[in-house]
Amino acid sequence: MNCVGRGLEFEANLRWDGETGGEVNIGEFPTLKVDMPIEFGGKSRHPCPDELFLSSIAGCLLTTFLYFKSKLNIRLEGLEIYISGILSTGTEGYRMAGIEAILYVEAKKDYETDIKRCIELTKKYCHITRTLEKAIPVRIIERTRIVTEPNSS
């Protein structure tokens, strides 16, 4: 990761594995492997680029949420993001037609208002979803579960 001009530059290097996939090297991190799905002639030995694409979106939603969670001093009981995308085909080939992400957030009642604010800030400031929204529909749904304290007997 380098700082270029007024922004950050991210880099990755992908090398074909001699079969139906490749290995991605990103800095000093462990090698990430990719493969083609069986439906496209691959061996499905590793995640396909579409799955990694969705994982990147979910990761951006996560880190954006965690940034605002920290700023708002929210204590979470749990957080999970489920994401899906539809790959469609047309006269010009395949295209991601839409993405839906569901944020499952668990917190105590004391944080209910702050959680809603955190989710709104996440929707507003996640830079990957903001970029994608100009090209494809991105829908972000919130599912908040308020955790109550167990009754003491």
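Things to note:
- Taking a straight Cα-Cα cut-off under 18 Å and skipping sequence neighbours fewer than 8 places away in the same chain, the lysines within cross-link reach of residue 116 are 69, 71, 108, 124.
- Among the trypsin sites (Lys or Arg not before Pro) within region 47-111, those in coil by DSSP and having at most 10 neighbouring Cβ atoms inside 10 Å are 75.
- Helix axis angle, 49-71 relative to the chain longest principal axis, alpha carbon, degrees: 30 degrees
- Within straight-line reach of residue 109, meaning a Cα separation under 19 Å, sit the following aspartates and glutamates at least 8 residues removed in sequence or on another chain: 77, 80, 120, 142, 149.
- Option label - semi-axes √(5λ) of the Cα gyration tensor in Å computed here, alternatives (i) 23, 18, 15; (ii) 34, 19, 17; (iii) 30, 18, 12: (ii)
Every number here is computed from the coordinates shown, using simple stated rules; none is lab data. Just so you know, these numbers come straight off a predicted model, no measurement behind them. Positions of Cβ are backbone-derived with ideal geometry, glycine not excepted, and every protein chain shown enters the neighbour counts.
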